[in-house]
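First comes the structure, then the notes that go with it.
The values are calculated or read from the model by the stated rules, or taken from the named source; none is laboratory data. Only a predicted model underlies this, so the values are computations on that prediction, with no experimental measurement involved. Neighbour counts run over all protein chains shown; Cβ positions are idealised from the backbone, glycine included.
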């Protein structure tokens, strides 16, 4: 156990060291590649504003901290999640996992950002040509997670990213690495977690649509084809540190309070706090707050949903576990995500255990 504590300490030191190099992310807001990597999925932890970095469990941990994917009571799991996003966009998430004993848990996940149809416009037809196109944004992820001891779990995810629309596309790879340590300092229910997300190289668009006809002013070649070289953009790397405390009051009632700090390479740093009340492992009530001291309602509509920098509107949600009624491990989780300038987002998840 001493070696594991040293490992966690090293990870924390590395996280703080890398976080220092991420300083100034607010100066690069909106200039990163693959923004779909930053759209949270899963109804359970969204209801707590994403504060459960240290104690997330099951397939929803693929997004929050892959170390928690192996923490499950079922040998196999599946999840389906739908989230309404801003400007009529939609985010869909599906994943399955299997526990392979001493080898660990392996999960396969798919995320799709549905933007819908967009009118095609040109310089000569700025009001539209009458044609439509549908951008495609999806992420295919493979996660490995293992509980090293009854207290420590680790996990890693590799994501294949694809973005494409009429005549152009971009591909990339990103990596997430996380660790969770439970019963810290021998205090039952106290947990700490670290996760580094979206590590990887830059992404660059390429395709037939980048070939254009033009006449060079510096030569007599006349009208010919030239290829436009698209700029490359880095992935939105981030580091999150979290701590949580869970307590069981009696046979029927328990609660968890969680806190997390996220340092973003291409956005504002934020603080999250959330709580979950559990009644008989049947009914769950959740609430959370997300605050970024450097941001403002006009620069980041997702953070100060209520339009107030001092009292942000809360995230909230609830969950139902039907196992006691139908003898099947089925749970439904809903989360309400406040957003400035747009309608609030709604996230609905259905989880299965086999």
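Looking at 126, 135, 119, which is the one that is over 15 Å from residue 57 (Cα atoms), at pLDDT below 95, surrounded by 14 or more Cβ atoms within 10 Å (Cβ to Cβ) and out of contact with any helix residue (DSSP H, G or I) (no Cβ under 9 Å at 6 or more places or on another chain)? From the options 126, 135, 119, the qualifying one is 135.
The strands (runs of 3 or more DSSP E) found wholly in the stretch 189-269 and carrying at least 1 residues that are touching a residue at least 60 places away in the same chain (Cβ under 8 Å) occupy 190-199, 238-248, 253-264.
The residue of the stretch 302-322 that is modelled with the lowest pLDDT, among those that are under 24 Å from residue 349 (Cα atoms) and within 19 Å of the chain's Cα centre (by Cα), is 305. Among residues of the stretch 121-134 that are part of a strand (DSSP E or B), those with a beta-carbon under 7 Å from a residue that is surrounded by 12 or more Cβ atoms within 10 Å (Cβ to Cβ) at least six positions away or on a different chain give the pairs 132/118; 132/119; 132/120; 133/118; 133/120; 133/165; 133/166.
Annotation note: Cβ proximity below 7 Å between a residue of the stretch 142-164 that is at positive phi and touching a residue at least 60 places away in the same chain (Cβ under 8 Å) and a residue that is surrounded by fewer than 21 Cβ atoms within 10 Å (Cβ to Cβ) and not in a strand (DSSP E or B) (sequence gap 6+ or interchain) occurs for no pair. Of all the residues in the stretch 46-67, those that are under 15 Å from residue 349 (Cβ atoms), in contact (Cβ under 8 Å) with a residue 40 or more places away in the chain and in a helix (DSSP H, G or I) number 7. Among all residues of the stretch 73-82, there is none that is touching a helix residue (DSSP H, G or I) at 6+ places or on another chain (Cβ under 8 Å) and not in a strand (DSSP E or B).
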